[in-house]
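Let me begin by presenting the structure, written as structure tokens, before commenting on it.
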Amino acid sequence: SSDLITGGAPLSTKKVGEHLLFSLTRNHGVRTLNEIRTEAGKHMASQRIPLVAGNWKMNFDHLEATYFVQQLAWKLRDIHFDYRHCEIALMPSFTSLRSVQVLVESDNLKIHYGAQAVSVTSQGAFTGDVSADMIAHLGCSYVIVGHSERRKYHPEDDANIVDQVRAVLAAGMQPILCVGESYEERRKGIELDFAVGQVHDVTRDLSDEEASRLIVAYEPIWAIGSGMVATPQSAQDAAKAIRDDLAETFGTHVGESVRILYGGSVSSKNAEELIGEPDVDGFLIGGAALNVDELTRICQLTMNATV
Ligand code: PEP
């Protein structure tokens, strides 16, 4: 049957890509293609530590933010959360970053944090803007770039998004580049080309080293805050298409190392299925990241999928 392929020996945990396929096809025994996909998925995922990133948007003042982080850390400790298998990052408002930094550093927490946007300039007469260096000096690891709400409410076109990505990388942080189709593109059946094109247009002039530090969040706009979630298969299809394009542009090593998150109405009800997909490396979460029990559960499900 075309669903059957020979195999049997345990997969190497060190090698990826062609090597994996080679070791599978040389071995004895019979497994279904689905079993192999599942094993390969876990294997691939083990090379990329999953990331659960909470985008708090314009919620929580600095006191609420600090309280939330403390609660989350306690709840994760209570469930013996293993940060080696799942990374957690929170994106508070600018006004909360310093408070979160103080808490994380004083309690030696393993939770990372970052900002939701960044200026494309480094300093000067840009009232209201915050530079990448200012954000980096607060201990931030990540900056969300090109979130659909920023694209909608602020003049953020591709050229501006490219500059944000560059600014974040130059300051030593990782951009979480958000892409994804609206309902209109999905209706026309061009969602994969659309998302891949968005990533391609923003990243094509980066060096391989810069591209390897990217994180991409595939967030279909119709799924954000709507309660409608992409099926695991369509999240996988988009993540795979984006990964393949990165591999083609920057080489297999970059394609295999960039983490691709899914975002759009993620909750504890759908996280397990989504993270089971081989190319989905975690989540960018809005609403559910405002509830500490819900976020703890999603982190737990994500961690369990990789151990
Ligand atoms: C988001 O804003 O990035 C997001 C995914 O929101 P939600 O989880 O609420 O859909």
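Things to note:
- Using a Förster distance of 30 Å, the FRET efficiency for E209-Q47 (Cβ separation, nearest 0.05): 0.95
- Other residues with beta-carbon under 13 Å from the beta-carbon of Q71 carry, at +1 per Lys or Arg and -1 per Asp or Glu, a net charge of -3.
- Less than 5 angstrom separates the built amide H of S226 from those of S265, all sequence-distant by 5 or more or on a different chain.
- Ranked list, fewest to most other Cβ atoms within 10 Å of each Cβ, for L214, L103: L103, L214
- Computed from the Cβ-Cβ distance with R0 of 25 Å, the FRET efficiency linking K110 to M228 stands at 0.15.
- Residue ranges 124-137, 192-205, 173-186 sort as 173-186, 192-205, 124-137 when ordered by packing (mean number of other C-beta atoms within 10 Å per residue, highest first).
- The chain - percent relative contact order, Cα under 8 Å, separation 6 or more: 19
- Amide H within-cut-off set for E87, under 5 Å, with H built and near neighbours excluded: L51, V52
- The Cβ shell under 15 Å around D129 holds other residues with a net charge of -2, Lys and Arg each +1, Asp and Glu each -1.
- Once the Cβ-Cβ distance of T249 and D78 is raised to the sixth power relative to R0 = 45 Å, the FRET efficiency obtained is 0.55.
- Cα-derived Rg to Rh of the chain, Kirkwood definition: 0.97
- Other-chain or far-sequence residues with amide H under 5 Å of I144's (modelled H): A115, Q116, A117, I176
- Shape of the stretch 73-210, Cα gyration tensor, a/c cut at 1.5: oblate
- Cβ-based exposure ranking for R84, R243, R213, in which fewest neighbours within 10 Å come first: R84, R213, R243
- Here the chain is assigned +1 on the Cβ of each Lys and Arg and -1 on the Cβ of each Asp and Glu. Its dipole about the Cα centre then comes out at about 700 debye.
Quick note: the coordinates plus some simple rules give every number you see, no bench work behind them. Quick caveat: nothing in here was measured; it's all calculated off a predicted structure. A quick note on method: Cβ atoms are made from the backbone with ideal geometry, for glycine too, and the neighbour counts reach across all protein chains shown.
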